[in-house]
Amino acid sequence: MKKFLWTRIAAALVGAGISLCVQAQQEIKIGVIYPLTGPGAAVGAELRSALELATDIINNGAPGIPDLPFSAGKGLPNLKGAKIKLVFADHQANPQTGATEAERLITQEKVVAIVGAYNSAVTATASQVAERAGIPFVNPESSSASLTQRNFKWFFRTTPHDDLFVHNAFEFLKELEAKKGIKPGAIASLNENGLWGTETTKLQAKLAPEFKYNLVKQVVYPAKTTQLTSEVQTLKAANPNLVMQSSYTADAILSIKTYKELGFSPDMILANNAGFTDTDFIKTLGKDADFIITREVWALDLATRNPLIKQVNDLFNSRYKINFTGNSSRTFTGLMVMADAINRAGSTEPEAIRTALAATDIPGNKLIMPWKGVKFDATGQNTLGQGILVQIIDGKYNTVWPFNMAAREVVWPMPKWEQRK
């Protein structure tokens, strides 16, 4: 009798084990590391919404958008409909916190892959942890060129990097002069002093003379600063016609308020994305945000060329009452690329996912980005991405470059503060 009872118990335990195993296969845990509190919380909230929308599409489909990957099915078809589960980590824009959170996701949460982390300095530390652990890491947004110059095996970046973006800025200025007869004049830069801003400062110093432009002053400021008075006074004293700027959201907003307060009114501000494309930028500054040009990777007006842009943005807007930005659209795309690789791998083994990522070849018509597609080189860099420039007019971002993709003409110079209504 006892033998029979123990046999029944053993069978039940084995059965429970099998059941748990099957259940585990139905849920694929992906770690996502973003600034959910602290100075980057506003953009972090938008990135979280983009990740949640992508996950819902992967897990439950998106009827009516047949060209979008996973829109027809339920979960990952090559893994018997397995669902994606996101495990969120908050790095608070702190590189050390990012590394600690990456460690936690890998060792405690047992994630099979990581997506993150917006801030380049945090991406650098978090991806280093993933590299040591042998866990695939997809970076959708960080643009510091050095991130794909580390000979990492497990790191993949979908966005173009700053080497391309800063080149784009100077190419735009040359074309503006050649095709529109507008000369930018003396140039100064204002950049945050983190990894992203520091690398941008060096690139601008290198490229300005190569493009035969006069870079009269470069000003750097502490990331997360609460005042920019002395930096703006230094800029004003240099009297540039054009300011190139790299700032995260809080700093970008603070800088414009300080420009207006101190009466600093250059002909143009040519920004390097980040804070200048955060929804809070226009929402906070209102008309004071108008006329600024910023590099971008996404714009709603490009939907005339790619219907997916409007279709997916409509879905995003209906749920969260905001439009995609260049930040959130890239985050959405990064998770879709990761899911595509896991599905093609047909496995949650890290090496299988890494191999699939390396073989990624997604055409542009399957993306919500105005890119030729996603295809990684040996460094893990997507070779098919590209940048655009947008100008804020009446509180909306309008594509102005490349000129053959422009939705409207460039307005140059910006009106002086006292000339604005």
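The values are calculated or read from the model by the stated rules, or taken from the named source; none is laboratory data. All values reported here derive from a predicted model rather than from experimental measurement. All Cβ positions, even for glycine, are placed from backbone atoms using ideal geometry, and neighbour counts span all protein chains on display.
Structural remarks
Yes/no matrix, rows are residues, columns are (1) touching a Cys at 6+ places or on another chain (Cβ under 7 Å); (2) surrounded by fewer than 19 Cβ atoms within 10 Å (Cβ to Cβ); (3) modelled with pLDDT of 95 or more:
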residue	(1), (2), (3)
225	no, yes, no
242	no, no, yes
265	no, yes, yes
277	no, no, no
297	no, no, no
315	no, yes, yes
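- Enumeration of residues in the stretch 361-399 that are farther than 16 Å from residue 269 by Cα, polar (S, T, N, Q) and under 19 Å from the mean Cα position of the chain (by Cα): 379, 381, 382, 383, 386
- Screening residue 225 on (1) in contact with an Asp or Glu (Cβ under 9 Å, 6 or more places away or on another chain); (2) under 30 Å from residue 134 (Cα atoms) shows it passes everything except condition (2).
- Counted residues, the stretch 357-369 - those being touching a helix residue (DSSP H, G or I) at 6+ places or on another chain (Cβ under 7 Å) and surrounded by fewer than 23 Cβ atoms within 10 Å (Cβ to Cβ): 2
- Residue ID - nearest to residue 165 (Cα to Cα), chosen from residues in the stretch 194-238 that are among the aliphatic types (A, V, I, L, M) and under 22 Å from the mean Cα position of the chain (by Cα): 203
- If the condition is being surrounded by fewer than 22 Cβ atoms within 10 Å (Cβ to Cβ) and either modelled with pLDDT of 95 or more or outside any strand (DSSP E or B) (or both), then the stretch 387-397 contributes 393, 394, 395.
For (1) of a type in the set (A, V, I, L, M, F, W, C); (2) modelled with pLDDT of 90 or more, each residue gets a yes or a no:
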site: 10; (1), (2): yes, no
site: 17; (1), (2): no, no
site: 69; (1), (2): no, yes
site: 82; (1), (2): yes, yes
site: 95; (1), (2): no, yes
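- Set 153, 180, 110: member being surrounded by fewer than 20 Cβ atoms within 10 Å (Cβ to Cβ) and modelled with pLDDT under 95: 180
- Flag for residue 412 being part of a loop (DSSP other than H, G, I, E, B), under 30 Å from residue 150 (Cβ atoms) and of a type outside the set (D, E, K, R): no
- Some residue of the stretch 413-421 being within 30 Å of residue 137 (Cα to Cα) and buried (at least 17 other Cβ atoms within 10 Å of the Cβ): no
- Residue 67 meets the conditions (1) under 23 Å from the mean Cα position of the chain (by Cα); (2) in a strand (DSSP E or B); (3) surrounded by fewer than 17 Cβ atoms within 10 Å (Cβ to Cβ) in every case but one. The failed one is (2).
- Strands (runs of 3 or more DSSP E) fully within the stretch 94-193 counting 1 or more residues that are without any contact (Cβ under 8 Å) to a residue 60 or more places away in the chain and under 15 Å from the mean Cα position of the chain (by Cα): 137-139
- The number of residues in the stretch 130-144 being surrounded by 21 or more Cβ atoms within 10 Å (Cβ to Cβ) and in contact with a strand residue (DSSP E or B) (Cβ under 9 Å, 6 or more places away or on another chain) comes to 10.
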